[in-house]
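Down below is the structure, laid out as structure tokens.
The values are calculated or read from the model by the stated rules, or taken from the named source; none is laboratory data. Everything numeric in this text was worked out from a predicted model, so none of it was measured. Positions of Cβ are backbone-derived with ideal geometry, glycine not excepted, and every protein chain shown enters the neighbour counts. Protein only, heavy atoms only, side chains kept; ligands, DNA and RNA dropped before computing areas. Shrake-Rupley method; radii C 1.70, N 1.55, O 1.52, S 1.80 Å.
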Number of protein chains: 4
Amino acid sequence: MKVQRVEMFVNAMATPADTSGLQKLADSGKIKPDTLVALVGKTEGTGFHDDWGRVWADVALRDWTGKFLGIPVDEVAKHVIFVLSGGCPGVITPHIAAVSREWVEVPDGDVDTGREKMLVVGRAGSDPMPPEEVGRMGQIRKVGEATHRAMEDAGLTDPKDVHLVMVKVPGLTTASIKDAESRGKTVVSHDLTFGPEGAGSYANDAAALGVAMALGEVPESALSDGVVRRNWDLYSEVAMTSSGGEKRHGEVVVFGNSAWSRSALRIGHAVTRDFIDAEGVRKALRSAGLHFNDGLPDEADLSRLVHVFAKSVIPGSDQIRGQRITLLDDADAYQIGKALGGMLVASVTGRTTNYVSGGERNSHQGPPGGNIVAAVVRTNAI
Amino acid sequence: MKVQRVEMFVNAMATPADTSGLQKLADSGKIKPDTLVALVGKTEGTGFHDDWGRVWADVALRDWTGKFLGIPVDEVAKHVIFVLSGGCPGVITPHIAAVSREWVEVPDGDVDTGREKMLVVGRAGSDPMPPEEVGRMGQIRKVGEATHRAMEDAGLTDPKDVHLVMVKVPGLTTASIKDAESRGKTVVSHDLTFGPEGAGSYANDAAALGVAMALGEVPESALSDGVVRRNWDLYSEVAMTSSGGEKRHGEVVVFGNSAWSRSALRIGHAVTRDFIDAEGVRKALRSAGLHFNDGLPDEADLSRLVHVFAKSVIPGSDQIRGQRITLLDDADAYQIGKALGGMLVASVTGRTTNYVSGGERNSHQGPPGGNIVAAVVRTNAI
Amino acid sequence: MKVQRVEMFVNAMATPADTSGLQKLADSGKIKPDTLVALVGKTEGTGFHDDWGRVWADVALRDWTGKFLGIPVDEVAKHVIFVLSGGCPGVITPHIAAVSREWVEVPDGDVDTGREKMLVVGRAGSDPMPPEEVGRMGQIRKVGEATHRAMEDAGLTDPKDVHLVMVKVPGLTTASIKDAESRGKTVVSHDLTFGPEGAGSYANDAAALGVAMALGEVPESALSDGVVRRNWDLYSEVAMTSSGGEKRHGEVVVFGNSAWSRSALRIGHAVTRDFIDAEGVRKALRSAGLHFNDGLPDEADLSRLVHVFAKSVIPGSDQIRGQRITLLDDADAYQIGKALGGMLVASVTGRTTNYVSGGERNSHQGPPGGNIVAAVVRTNAI
Amino acid sequence: MKVQRVEMFVNAMATPADTSGLQKLADSGKIKPDTLVALVGKTEGTGFHDDWGRVWADVALRDWTGKFLGIPVDEVAKHVIFVLSGGCPGVITPHIAAVSREWVEVPDGDVDTGREKMLVVGRAGSDPMPPEEVGRMGQIRKVGEATHRAMEDAGLTDPKDVHLVMVKVPGLTTASIKDAESRGKTVVSHDLTFGPEGAGSYANDAAALGVAMALGEVPESALSDGVVRRNWDLYSEVAMTSSGGEKRHGEVVVFGNSAWSRSALRIGHAVTRDFIDAEGVRKALRSAGLHFNDGLPDEADLSRLVHVFAKSVIPGSDQIRGQRITLLDDADAYQIGKALGGMLVASVTGRTTNYVSGGERNSHQGPPGGNIVAAVVRTNAI
């Protein structure tokens, strides 16, 4: 039977249009047109919705991928999922991680559940989400359903084996709001930003709750339009979500561990208890299989660390461990909040090529005040 | 004979004008008009030179101190040194640390060098520094000389016992430049900012080199006008400096450990090797007397930690451990750079009331790429 | 009978706490404790809700006023209305305008409606506005009612004679939202900012619609909770409103012209048709009585101009006269939007001491895309 | 004999990579591969040196031009000069102006100096400028020399006929500074920014003085390394300059009027007396041939206006017409300063597609406190 062998390669980018790292991977045969499944990265620029660094990177990477796969650019999205998070304030190195998935034939007898579980990846698209569903139950359910199918594609059945779910969903635009209202529908917000009542925040959070529902982190009965961005006790510990006005469908990529995998990588995750909790980052590394116990990872441990994916959502409270901070008042809180997450992770991993997205205030991605950290580690076992 | 007993009390501030914490210290007798020697703190606001949060805090704190000491406001500076660093981006809690110094009589026989060295503090003012000396050898020498006298005031003779030297010196203003030039003198820069060629940066860095010279960290023979902000291999590991156009003299406060002290506190310091080096922060804690060895401080350790003073100077290079970062290009690098230092310290100390100043690019305060961290710890020995 | 004589004095401020201009007015007898009715100004600082420049100015001005009136600071608000708008980006000089109102006895026969109408001012407080009314009909009605009483206080009966209504109303806070929800009430928004769905914007806009209703600019039948920040065709041409979480009541100041006035000043207003419409500013000057016709005001005209009050609300559209602008995407649109209004006015008035508030996106203060401009002019007629 | 016919076409751009307007010009035959001489525009983005909107626009426009001319991209610079100014804060529409120059044969007898002078354009490259010359006399002289040759190319001999000189020169980079110092040379600044002592500012200002020298606005005897960014009484009224670290040579484009031209366009210029001087903008329009006298241009006048080029340098003083402004202290003064220039121009031209560059503090481009404005107008005379 066929099982997965997943690899992940992290390349720093010298400019938003720098595809030289990918080209080297292609030249060396490490990624192939039929194994490349996802490009996940951080692009330099402002990180705002008109961040031309991110837009240019998107254009350049799709261009390169189209040529690599020998297909027109507008078909690239069918084959490779792009997750580009804009903004590298502070100590976040602009980079792109290429995820490849090979199907390897193994004798049926060779597959048993006694093996150590290793990295698998699965993808799925959702049904179309009309604007009136954005940030509401419609979006939650469709993300939940797509998450189930992505787990299936990954060969995962137990939600405990899922450690990271990256989701992209439609947000709202002036045009899509007009469309909804012309059909007599309401929309969740007229604020198109990622502010506390912004449509972008509602879309991201509905997507997170969709993952939480699919994985059983939140019972469907607890969910309704009214809880989105209201009841922060409902959240996912593995969902990292984003939204864009140009999209019509949701896209889901699931990363987990499976005994059926032949990968040399394993993934794990944890959540930080608050914004300064470096121990939460270390827990994620341990969850993925670094065994440095109570203390600190040493160089040998860190050499086995392949990549870290972290959120850096700004807490909704102005208190950390009983002391007031002024972050919520900072005019550039969006940049600073993201930068601080980058520092928290880098101070543990000893490197700056970490995927850290965030800057928004409050989220159903992770518990109140805390953030999600997932880590991918190379093991010796194959 | 009389020896010092130094205490340090850290109070969070709810607004720039919040003196309630100081009032409680006064009411409880922990600080007295004749023991209060310094107020060192972080004030909320933008941190820029027109940061009204810092200015308002300065006015309110001097007002309070004048009333507490029963003297006119304009005489406060003679009795209490103020070091207020503006800007609390991210996870830095606005706070004020009151430093008190009591002189206690001990029997002469009780004083010997076999005792554990404990915290002492000393102060000195410098000769006036005309504008043409700012950022040059004149300023370096006068800070050096004042550092020697502040060590004397502290009862310190060995530079190894000095762990933190806070310095304030005159910078340049439009008026003082005009004055210098009218007398046929040149000035170090016409840029009044803290940018790479700014007069503020030159003043701060000359002050740091003055400390370095006084402590023998840099030989006088290596110093000249030309090395300031050019030869980054010359630096102090204990100098934290600031400058203001309104000043005419330098002010120096030295913190160190002495066997003649009867304090319950001890100070130590270390430098980080680069911008993400959390281990450098831990080294400072160990240097001050927390014995958590190779791993991490536990809660008992941290409960003995009184305060941390750290710089967060942005590195001059765009590389950290071989990877590119874009911090130097960030429009708000000044805020982000300071915020990142706050996170690095808070992720180790588990609290947000840390004194972290910085945001400038490159400095003789600490080694290239690294930063100074000093820590004050409470011991059991008296 | 007693009629009003209103004066307005504009003083630049050198710092947020600079009361020297007011002191000179007091020393010269131009303002007296029983004639000072309002202080309206622009304070330097960031203009954000934690703008310490504005807060410090407020503290210093109330302090000064309390001493001037010989009353405790917390009673100042009963006698003098403060409208301090934070943020002077670009070419807006920080300043404070003192408004004084004297009651002069005139023979009954001397009062007839044939006289030229001159400046009068009136004030009123509203009933308390609980949090559930903020941004909704409750707030609209109470502002409308207070506007009527302020007109009465001014001696104005015809809405056409009203040219400027400054209003301050309660906004929402975390605490007041909690209070409302604990009583089973909903609130208009959980976003505490002045963003497009922010509670501050809803409060400001409900206040503007309250003025519009009182003046007959919008029929009460057209108003409902649902039109606030939705139907931009409903607006006032004379309302300038602000809100603060600390307030419990609304405050209204009405400026208009009356035949019963003995002032040497007259007020007028106009609206700009779009964001670059300098002609709209000139129309306001003409409306107040500068007769420069179709062309430009000359120096003699401008020497009679006492003050300009203008809004600079950012348009909701990204098009100006058919061309796209990127202002809506600017990260610092709030500052830039306010600064641009300052330039538009200054380029016409030839001075920088203009009251210009704004920066928010879309408003019922003025027509879609346009802004309100009011001008006060000194005439020769008494 | 052959004389010039110059045209200028202004196209709004919908994104940084939008070449549709140029394509339409090409399709309609308005620009041809052998007549396109310059592309001058404003690109959206932050306007900072790492503004990816500008970089992406540059890549996309060069790409398009290479295809249009049928030549490799790296040869485009030999045929078409690109002046892309980043940042469209406020009311500046992103746009590109295509300048075409056709050579038309006219009978020799038809050419006489009695004709009205009309638009001509000329270009020249300079000798290489090593880093030690940047911001100093070497750069000044080489720009001056190239300006002479560009005038020659334009067929201009009288400096009074020159109304706009756009210049691009090399700035400094970390690498070029190292190169200079390795050869024992000094450089003008180690600050790579456009701050008051930044290398970028020195390069721009040396280029402006080079133009001033070539046109006789400043005598060569008044020039030396020491006056650059020191003696603001030396300046050009027609130079708009920029610099980039990647360049090795200077490039100069001269716009002027000549009796030998067969263009339907004419250029003029003026300088504003200060930052709020709308009359200065109107003077530029009159200089180019709009005859609206003392008042305001009407719609017919403005319909003949083809384009405006303006600088918006922030004044070095914090006073405008005797009143203090806080612009120099604004953290985002660079953006605001540029935006204000855009408003000043748009409020006069009634449109937002104006070329406005600036944001730097003080410059030899224009008089102290004032700015350069050039206007191109369509006439009826051919």
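Data table
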item	result
Qualifying residues in region A:1-57 (those that are assigned to a strand (DSSP E or B) and of a type in the set (Val, Ile, Thr)) - the one farthest from the other protein chains (Cβ to nearest Cβ)	A:VAL3
Residue ID - most open to solvent (accessible area, probe 1.4 Å), chosen from residues in region C:255-279 that are closer than 18 Å to C:LEU156 by Cβ and aromatic (Phe, Trp, Tyr)	C:TRP260
Residue among C:ASP63, C:ASP74 that alone is more than 19 Å from C:MET240 (Cα to Cα), more than 14 Å from every other protein chain (Cβ to nearest Cβ) and of a type in the set (Asp, Glu)	C:ASP74
Residue in region B:346-365 that is farthest from the other protein chains (Cβ to nearest Cβ), counting only those that are part of a strand (DSSP E or B) and crowded, with 24+ Cβ neighbours inside 10 Å	B:GLN365
Options B:VAL228, B:VAL252; residue that is buried (at least 23 other Cβ atoms within 10 Å of the Cβ) and within 25 Å of B:THR157 (Cβ to Cβ)	B:VAL252
Condition check for B:LEU302: within 14 Å of chain A (Cβ to nearest Cβ), open to solvent by less than 10 Å² (accessible area, probe 1.4 Å) and not in a strand (DSSP E or B)	no
Index of the failed condition, C:ASP332 passing every other in (1) at the interface with chain D (Cβ under 7 Å from one of its Cβ atoms); (2) within 15 Å of the chain's Cα centre (by Cα)	(2)
Breaking point among (1) open to solvent by 50 Å² or more (accessible area, probe 1.4 Å); (2) of a type in the set (A, V, I, L, M); (3) under 20 Å from the mean Cα position of the chain (by Cα), for A:VAL73	(3)
Test: residue in region C:224-231 that is in contact with an Asp or Glu (Cβ under 8 Å, 6 or more places away or on another chain), touching a residue at least 12 places away in the same chain (Cβ under 8 Å) and under 21 Å from C:VAL356 (Cβ atoms)	no
Subset of region B:319-334 that is without any contact (Cβ under 8 Å) to a residue 12 or more places away in the chain and in contact with a helix residue (DSSP H, G or I) (Cβ under 7 Å, 6 or more places away or on another chain) - its residue that is nearest to D:TRP52 (Cα to Cα)	B:ASP330
Single unsatisfied condition, A:PRO16 versus (1) touching a residue at least 60 places away in the same chain (Cβ under 8 Å); (2) surrounded by fewer than 21 Cβ atoms within 10 Å (Cβ to Cβ); (3) in contact with a Phe, Trp or Tyr (Cβ under 7 Å, 6 or more places away or on another chain)	(2)
Residue match in region C:280-290 (condition: open to solvent by 10 Å² or more (accessible area, probe 1.4 Å), assigned to a strand (DSSP E or B) and away from chain D (no Cβ under 13 Å))	no
Members of region D:305-324 that are of a type in the set (Ser, Thr, Tyr) and within 11 Å of chain C (Cβ to nearest Cβ)	D:SER312
Filter result for B:SER242 (buried (at least 17 other Cβ atoms within 10 Å of the Cβ), touching a strand residue (DSSP E or B) at 6+ places or on another chain (Cβ under 6 Å) and of a type outside the set (Asp, Glu))	yes
Residue within region A:337-345 that is free of Cβ contacts under 8 Å to residues at least 12 places away in the same chain and either in a helix (DSSP H, G or I) or open to solvent by less than 20 Å² (accessible area, probe 1.4 Å) (or both) present	no
Selection within region B:19-38 - of a type in the set (S, T, N, Q) and in contact (Cβ under 8 Å) with a residue 60 or more places away in the chain	B:THR35
Number of the exception - A:LEU296 against (1) within 11 Å of chain B (Cβ to nearest Cβ); (2) open to solvent by less than 20 Å² (accessible area, probe 1.4 Å)	(2)
Residue match in region C:120-133 (condition: modelled with pLDDT of 95 or more, out of contact with any strand residue (DSSP E or B) (no Cβ under 6 Å at 6 or more places or on another chain), at positive phi and surrounded by 20 or more Cβ atoms within 10 Å (Cβ to Cβ))	no
Residue count for region B:137-166, restricted to those that are β-branched (Val, Ile, Thr), closer than 19 Å to B:VAL6 by Cβ and under 17 Å from the mean Cα position of the chain (by Cα)	3
Region B:78-117: number of residues that are closer than 28 Å to B:HIS249 by Cβ, surrounded by fewer than 24 Cβ atoms within 10 Å (Cβ to Cβ) and out of contact with any strand residue (DSSP E or B) (no Cβ under 6 Å at 6 or more places or on another chain)	2
Residues that are in a strand (DSSP E or B) and touching a His at 6+ places or on another chain (Cβ under 9 Å), drawn from region B:120-143	B:ALA124, B:GLY125, B:SER126, B:ASP127, B:PRO128
Any hit, region A:46-68, residues being free of Cβ contacts under 8 Å to residues at least 12 places away in the same chain, touching a helix residue (DSSP H, G or I) at 6+ places or on another chain (Cβ under 8 Å) and open to solvent by less than 20 Å² (accessible area, probe 1.4 Å)	yes
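For (1) buried (at least 24 other Cβ atoms within 10 Å of the Cβ); (2) among the charged types (D, E, K, R); (3) in contact with a helix residue (DSSP H, G or I) (Cβ under 8 Å, 6 or more places away or on another chain); (4) not in a strand (DSSP E or B), each residue gets a yes or a no:
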| residue | (1), (2), (3), (4) |
| --- | --- |
| B:GLU145 | no, yes, yes, yes |
| B:ARG149 | no, yes, no, yes |
| B:ASP153 | no, yes, no, yes |
| B:LYS160 | no, yes, no, yes |
| B:MET166 | yes, no, no, no |
| B:LYS178 | no, yes, no, yes |
| B:VAL187 | no, no, yes, yes |
| B:GLY195 | no, no, yes, yes |
| B:TYR202 | yes, no, no, yes |
